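The block underneath contains the structure these notes are about, expressed in structure tokens.
The values are calculated or read from the model by the stated rules, or taken from the named source; none is laboratory data. Note that the structure is a prediction, hence the values are computed from the model and not measured. Backbone-built Cβ (ideal geometry, glycine too); neighbour counts: all protein chains shown. Heavy atoms of the whole protein, side chains included, go into the accessibility calculation; ligands, DNA and RNA do not. Shrake-Rupley method; radii C 1.70, N 1.55, O 1.52, S 1.80 Å.
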Amino acid sequence: QDILDMEVKPTPSRPPWYELHVQPCVAELLGSAFFIFIGCLSVLEEPEGTGRLQPALAHGLALGVTVAVLGDI
């Protein structure tokens with residue numbers, strides 16, 4: 001009777017191999033590609049007077065968006 005009254009705690013299941021290995025690599029690839037793509041596009045056409053501000057803002061905004069979108073992975 002004592003054995004039946006014992007509480008058995010289930011062991012937490014491991015995440016699938018995809019979440020452990022593939023998903024972080026895909027997130028890194030997409031984040032880096034987006035960051036580089038936006039940065040390169042920001043310096044293609046330089047309007048008068050922007051100087052270094054436009055690429056700096058573009059990289060900062062791209063990094064912010066990338067972290068917000070892919071941060072949970």
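Remarks
- Residue under evaluation residue 30, criteria (1) touching a residue at least 40 places away in the same chain (Cβ under 8 Å); (2) among the hydrophobic types (A, V, I, L, M, F, W, C); (3) open to solvent by less than 50 Å² (accessible area, probe 1.4 Å), criterion not met: (3)
- Candidates are the residues of the stretch 28-73 that are among the hydroxyl-bearing types (Ser, Thr, Tyr) and more than 30 Å from residue 17 (Cβ to Cβ); the one that is modelled with the highest pLDDT is 42.
- Of all residues making up the stretch 14-27, the number that are assigned to a helix (DSSP H, G or I) and open to solvent by less than 70 Å² (accessible area, probe 1.4 Å): 5
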